[in-house]
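First the structure, in the form of structure tokens, and then the observations on it.
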Amino acid sequence: MSPRLATIVFLALLTAVSGVGTDEVSAQSPESANRKHSDPHDPFAQLDPWWPTPGATRIASGAPGPAYWQQRADYEIDVTLDDDQQQINGVVKIRYHNQSPHTLPYLWIQLDQNRFRQGSDALETTTAPSLSPRISFGAMKSILASRRFDGGYRIASVTDGADKPLRHTDIGTMMRIDLSTPIAPGEQTEVAIEYSYKIVDAKVIRARGGKEYFEDDKNYIYEIAQWFPRVAAYTDFGAWQHKSFLGRGEFTLELGNYRVRITVPSEMVVASTGTLQNPDQVLTDQWKQRLAKAEQAPTPVFIITPEEAEANESVRTETTKTWEFDATNVRDFAFAASRKFIWDALGVKVGSQTVMAMSYYPNEAEPLWSQYSTEAIAHTLEVYGRYSFEYPYPVAISVNGPVYGMEYPMICFNGPRPEDDGTYSKATKYGLISVVIHEVGHNFFPMIVNSDERQWTWMDEGLNTFLQYLAEQEWEEDYPSRRGDPEKITGYMRGNNQRPIMTGSEEILQFGNNAYGKPATALNILRETILGRESFDFAFREYARRWKFKRPTPSDFFRTMEDASGVDLDWFWRGWFYGTDHVDIAIDDVQLYKIDSGDPDEQAERTRQEKDREEDTITKDRNQGMRRRIDWQPGLKDFYNSPEYDEWKVEEEDRKSFQKFLDGLSSQERAILRRTTNFYIVDFRNVGGLVMPILIRVHYADNTSEMMTFPAQIWRSNSKRVSKLIVTDKEIVRLELDPKRQTADVDEGNNHWPDKMVPSRFKLFKDEKKKNPMQKAADDQNDDPKQDAEDESSDEKAEQEPAKGK
Ligand SMILES: [Zn+2]
């Protein structure tokens, strides 16, 4: 197919070109001033009306301002893990520092365990699952168990620093403690809470921490999280964050220092946030020697070997040990404990310090875990450090247990395990590496860049999934990343049942795609296609560094990315983060124009050639050789039938007038007139609604090609249709939109000119005839040889199927 060809009169072209210029000038002055707030459908309208007005705490660049403040909470906790009752008993002392300019009469405390209490908002607002036509045993067990489990905190006492009881009111997963004296700005207060709760079976009820029971050796793995009353966040932008915990919107917490004493059966091994304070009391000499060796080793070293862990499974001493940990500048604290733990470690150089990357897992996790877990931790610290800031904590831990993937400062819980026979699928292997990268990565977002997870899931999950993708691609070539590549998100983007990324954590539809996949892809597109790697990386790092150990909000992220990249990205945030449109740009039409010099001789010659090239009509074809009247009746021919008559003959007058036109032109203008340049006008249509740059590969008749990029602002006057002029001396034979699949364009079918046929295949099948009851009865009576043959063939089929794990 070739473009619609048209010639243009030279003067008309000149007018058109200069016209564009003047139109633009006049269009910009009166309109753009109004446009800022006027057209809600303008994809380039600024987002300032939707964002908080900058002030002294958060400035217009997206950075913390001179009056920035945040609260601080230090914790001292004594906790006992009761292995017989699978229960936590603890006393937590919270020293709360009011660094806000406000006086606070009460504190709000998060009681996350109350989510499991009968009658909780989490349980009562869970809508019906689909039961028909079938439901898994696992899902059924979970439904039954969650209605039976005696969960939730039992608060024994709430007192102030002087042991005086304080009035407190439970409201769902929150508790208000009324202080005897309001805390003035700059003051601090202390509260102590004595509490206990039953540990949930995280293998049955979906939870972010809990227990897992191993029938064979009668042991538990405990992953203990959200295990103490934690003070809610009080912020400059939202005051108390006391939204109820429904299970999905995670946490927002205050940074502070922790001292935690964990008492467990003596033979249990504890993995925890923080630095161990009493190694001499809880570690063997051999473990300490191996730890010292691991610090300098090139690959992970066993601190507890698989054999030692297996031997430890049957030990029951009936005594306890207390493990004491300190953690500085963390927003939370978690730990794990079991008799079953293998323990390996590797020292990772991060700047001037050595971080201990460590993994804890049972023999059931082998051989996968000793090969990949700790290496994946080390890889994460290295890659994330490059894109944000150096990992500031002394340890980074990955624990295998009942939770598939959950993060806390310095420690995370990861679920993937091989089959019982030690073999594993590709999905399990990469699932493990990916989940370790992801959960360790959460140390950066949101453990250190302390965004409000209860309100905005994407601020940590989206950013983290983006960096996870970069880290995965640095692990090995063609790493099977689930998210990050634009083409992976097109199915979701095209579909229904969506809400914008800027949706509250609990109200999101299609959680994984909305809060993980789409923002990760958007950032990847921003990096590869909109800003370029260097500029994006600079801006992203600037965001991470500005908000390290501080509390960013969405506008702080958006503003910082623009401030540091020097590019107005409001259209991008609007389209990708505030909307649900998708990307689908189509090539509608291509027209070719050439300069018509106006030379009457050339014009006549061109017309003659066009006439000659024109195919005969069917009637003319069939009338070939027909005897016409004029041929046999004399006297019908005149001048117009004679060879002297030339229909296209150029008159001298026309030549003179053309010469006069030429005489009036400068030599430069005459040169332009002689050009044989092709002027292609390509019409694009924005079918999906989301404005994006137009990336087009132009193929020429001489077998060369070139990439052209038209920034998204090409859509600024009309976001539905635009035309672009391509001026070339070559002949264009083919156009391809987004050939490198950079923009998440959901339909490749309209990305080609001329249209491209996409071949497909279909299968043939044969109806299988089932035996009727009479035939089956006959089969049962006589030992039918045909039946034997069928049995054999089905045996064969069974053997060919991959062996199931035993
Ligand atoms: Zn996550």
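A few notes on this one:
- Kirkwood hydrodynamic radius computed over region 91-225 comes to 17.5 Å, based on all pairs of distinct alpha carbons.
- Taking trypsin sites (Lys or Arg not before Pro) across region 178-274, the ones in a DSSP loop with at most 12 further Cβ atoms lying within 10 angstrom of their Cβ are 218.
- Theoretical FRET efficiency, 1/(1+(r/R0)^6), r = Cβ-Cβ of residue 428 and residue 299, R0 30 Å, to 0.05: 0.85
- Sites residue 618 and residue 42, calculated FRET efficiency, Cβ-Cβ separation with R0 51 Å, nearest 0.05: 0.45
- Given 594/724; 611/649; 141/429; 93/164; 518/724, the pairs whose alpha carbons are separated by over 20 Å: 141/429; 518/724
- Inter-centroid distance (Cα atoms) of region 446-525 relative to region 73-110, Å: 32 Å
- Region 271-298-region 584-611 distance, computed between alpha-carbon centres (Å): 81 Å
- Region 660-769: chymotrypsin sites (Phe, Trp or Tyr not before Pro) in DSSP loop, at most 12 other beta carbons within 10 Å: 762, 765
- For region 377-523, the orientation-averaged shadow of the C-alpha convex hull comes to 9.4 nm² (one quarter of the hull surface).
- The gain in end-to-end length when the residue 720 to residue 87 segment is fully stretched comes to 221.8 nm, 0.36 nm per residue minus the alpha carbon separation.
- At 1.002 mPa s and 20 °C, Stokes D of the chain from Kirkwood alpha-carbon radius, µm² per second: 66 µm²/s
- Note on residue 730 and residue 127: the model spin-label points, each 7 Å out from Cα along the C-beta direction, lie 5.5 nm apart.
- Legend: translational diffusion of region 662-730 by Stokes-Einstein, Rh = Kirkwood radius over C-alpha pairs, 4 °C, 1.567 mPa s; D = 89 µm²/s.
- J(HN,Hα) series, region 618-628, from Karplus relation 6.51 cos²θ - 1.76 cosθ + 1.60, nearest Hz, glycine and proline x: 4, 5, 4, 3, 6, 8, 3, x, 5, 7, 9
- The calculated P(r) of region 452-519, using every Cα pair and 5 Å bins from 0, goes 3, 19, 27, 22, 16, 9, 4, 0 in percent.
- Coil-residue chymotrypsin sites (Phe, Trp or Tyr not before Pro) of region 404-439, DSSP, other Cβ within 10 Å capped at 15: 404
- Two tests apply to each whole DSSP H helix in the chain, Cα reach of 15 Å or more along its axis and mean Kyte-Doolittle hydropathy of at least 0.5, and the ones passing both are 426-441.
- Amide H partners (placed H, <5 Å) of residue 396, local residues excluded: 356, 357, 358
- Put in line by how crowded their Cβ is, counting other Cβ atoms within 10 Å and starting with the fewest, 359, 388, 370, 180 read 180, 370, 388, 359.
- Residues whose amide H comes within less than 5 Å of that of residue 72, counting only those at least five positions distant or on another chain, are 97, 99 (H built at 1.01 Å from N in the peptide plane).
- Its DSSP H runs of at least 4 residues, each contributing -39,500 (n - 2.57), put the calculated 222 nm mean residue ellipticity of the chain at -9000 deg cm²/dmol, to the nearest 500.
- Karplus-derived 3J(HN,Hα), 6.51/-1.76/1.60, for each residue of region 640-647, Hz, glycine and proline x: 5, 9, 8, x, 5, 6, 10, 4
- Relative contact order for the chain, counting Cα pairs under 8 Å that sit 6 or more residues apart, in percent: 11 percent
- Couplings 3J(HN,Hα) for region 220-230, derived from phi with the Karplus relation 6.51 cos²θ - 1.76 cosθ + 1.60 (θ = phi - 60°), are 10, 10, 9, 10, 9, 9, 6, 10, 8, x, 10 Hz, where x marks Gly and Pro.
No lab work stands behind these numbers, since they all come straight from the coordinates. Since we're looking at a predicted model, the values are computed, not measured. For neighbour counting, all protein chains shown are included, and Cβ atoms are generated from backbone atoms with ideal geometry for every residue, glycine included.
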